[in-house]
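The values are calculated or read from the model by the stated rules, or taken from the named source; none is laboratory data. None of these values were measured; they are calculated from a predicted model. Virtual Cβ from ideal backbone geometry, glycine too; neighbours counted across all protein chains shown.
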Amino acid sequence: MTSSVRSLAQNLLLSAASSIAFLLLIEVVARLVEQPRAEAHGLPGVADWAEWDGEFYTIAGGPRPGDQNRDGIRDRPHAIAKPAGVRRVFCLGDSTTYGQHLLPEQAWPQRLQELLDARSWGVEVFNVALPGWSARQERIAYRHICRKYGPDQVLLAICLNDIPDMQNNLARPPPLLAWAFSHSALVRRVVDPEARHIQGVRELFGNEETPRVREGYRRLYEEIRALRDDAQADGASLALIVLPFRLQLAPDAPPPRPQAALAAFCAAEGIPLLDLLPAFRRAGAGAFVDDDHPTASGAEIVATEVLGNGLVAVESEDDALEASASLPELIRTLTRPEPRAKLRALHALALRGPSAADAVPALRALLEEPGPQFRAAAARALGQIGPPPATAAAAALARRLDDPDADVRHRAEEALHAIHPAPDHCLGELTRILETPAASGREEAARIVGEMGPEARGAVEALVVTLRDERVAVREEAVSALGQIGPDAAAAAPALLARIHDPDLRWRVVDALGALGPGASAAVPALAAALEDESGDVRRLAARALGRIGPAARSAAPRLVNALGDRRDDVRLAAARALPRVDADPKLARPALEKLLHGPNDAVRKAAAAALRRLSPRSTVASDD
């Protein structure tokens, strides 16, 4: 090789090395400034490329563990067979329907169910939505999920980003780009899906429709027509709900061109449409969490408008029955053979709440009725009556947690939550269900036991048995219940530790072991190792768990010190709080804690300062969380 060629090769290598070093530097800076992304939910249309089934994709990880039902959606379980006299309404949508940033019960379909329950006995609402879905995924979800339940009505909730997102969600990216997006803060910053998300919506308000906008509308209309045809083939109807963007509430907001276009389309196709922009304008920007996701009050607006505009029909006879019938008449009606009259009476009794206390014996007897709709309605009425009268039915309700009908199990669980019985009223029935491997109600029974907290210590052995259930949801609830019982469940520590590497249970097991306190000291090595888990939530919970175990976890102090350098604020915060509780060596912990005093996060700085004070010789270890 000549000297000139050698020199050229060296220059090229130096240039490449310099470029790589520069990119690495930018990547480090990008990671430092990047806000930690939620690990349970990806960014719309980009971060969720991982799980596809043909044209149907689901969010990686789906809803938060424990929120989803067997269909993988954030809804309660539903029986496949539709009860006689019940109309089923399916709410299809994306993150705005799913209830992003909200508790499951705050999502608008769940609130719609509660509003309907207060007015009618015969409507069952389903929330079939996931973040990032477009109309294509919603149509496929109808075929995969809704159709088997016997739909009567479909409410398709359209968010304005559904129009430009059609192209994004139907174009699967190259695997290399998807991998790079997941692993590089620099790539995430360059791709910037959130900015693309908003820009795509802004294009809809332009004076001239771009080819991209026209194509978005064309694809959306195509999907709506196909969904309408599918629903009609099943004997169901379709209606559209259009949710606005927050930018439309500003004083200088552009004309609502997207709403006008959708209204014209629906009028031409004969599809009912509810435009929610006027209602959100009355409420103001406070009805939004961000650009497009409603707050809890915003979700309430959606549910109220859907019901108030007659999009979902309700029975009107029940109100007259409630106003005119005496309590003895309603109780007598429960013994009549006519199913419709009996169900109306059950609904009327539920509306009367505590004043229907005299009906408790009759309602308890109806929990044994052959028809599941009567058992479900009786359970609901008992929950509305509440304690102390309905406490007498606690054992009978607990038995219904193992009912073959999913709706009965759901209503019985709701009633027990409302009654909140003491363990001596029903723990025996709950334990029997937990100890029965084939019991269908193990999941619900574990949740009720967990709600009883330390008073349910008598169910610990049964919960350990339940940890071996083949169903993931059952194991999840058993782990959570042991954690809620707390130190009194310390005997379950070995069984929990044996499940710590179960990918479906890992974060729950870590959290539950911490809740057992010093009784879980044998788990310290595994919890210390979990401080390096790929999941930030597992790392955070591991740090907190070690702190809750206390001085028995002192051997984990070096790894807790390392966790003070974690890229996530919440992990650093948990580690700083844990160090004084495990009685860490001040000489080991002080340098890293002092470094945090100059960090950007106020909560972390305060926790580090508190830890330094508590680790000094003149102070004692605090027990706050």
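Table for the structure above
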read-out: Helices (runs of 4 or more DSSP H) within the stretch 382-481 that include 1 or more residues surrounded by 22 or more Cβ atoms within 10 Å (Cβ to Cβ) and either without any contact (Cβ under 8 Å) to a residue 12 or more places away in the chain or among the β-branched types (Val, Ile, Thr) (or both); value: 406-419, 423-434, 442-452, 460-466
read-out: Out of Ala345, Ala377, Ala365, sole residue that is part of a helix (DSSP H, G or I) and in contact (Cβ under 8 Å) with a residue 60 or more places away in the chain; value: Ala377
read-out: Residue match in the stretch 281-290 (condition: touching a residue at least 60 places away in the same chain (Cβ under 8 Å), under 22 Å from Tyr142 (Cβ atoms) and not in a helix (DSSP H, G or I)); value: no
read-out: Cβ-Cβ under 6 Å pairs, at least 6 apart or on other chains, the stretch 602-625 side surrounded by 16 or more Cβ atoms within 10 Å (Cβ to Cβ) and modelled with pLDDT of 90 or more, far side charged (D, E, K, R) and part of a helix (DSSP H, G or I); value: Val604/Asp569; Val604/Arg572; Ala607/Arg577
read-out: Subset of the stretch 251-280 [over 20 Å from Ala226 (Cα atoms) and touching a residue at least 12 places away in the same chain (Cβ under 8 Å)]; value: Pro254, Pro255, Pro256, Arg257, Pro258, Gln259, Asp275, Leu276, Leu277, Ala279, Phe280
read-out: Which numbered condition Gly235 fails, given (1) part of a helix (DSSP H, G or I); (2) surrounded by fewer than 18 Cβ atoms within 10 Å (Cβ to Cβ); value: (1)
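This table checks each residue for (1) at pLDDT 95 or above; (2) hydroxyl-bearing (Ser, Thr, Tyr); (3) in contact with an Asp or Glu (Cβ under 9 Å, 6 or more places away or on another chain).
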| residue | (1), (2), (3) |
| --- | --- |
| Ala376 | no, no, yes |
| Ala379 | yes, no, yes |
| Ala396 | yes, no, yes |
| Ala406 | no, no, no |
| Ile433 | yes, no, yes |
| Glu444 | no, no, yes |
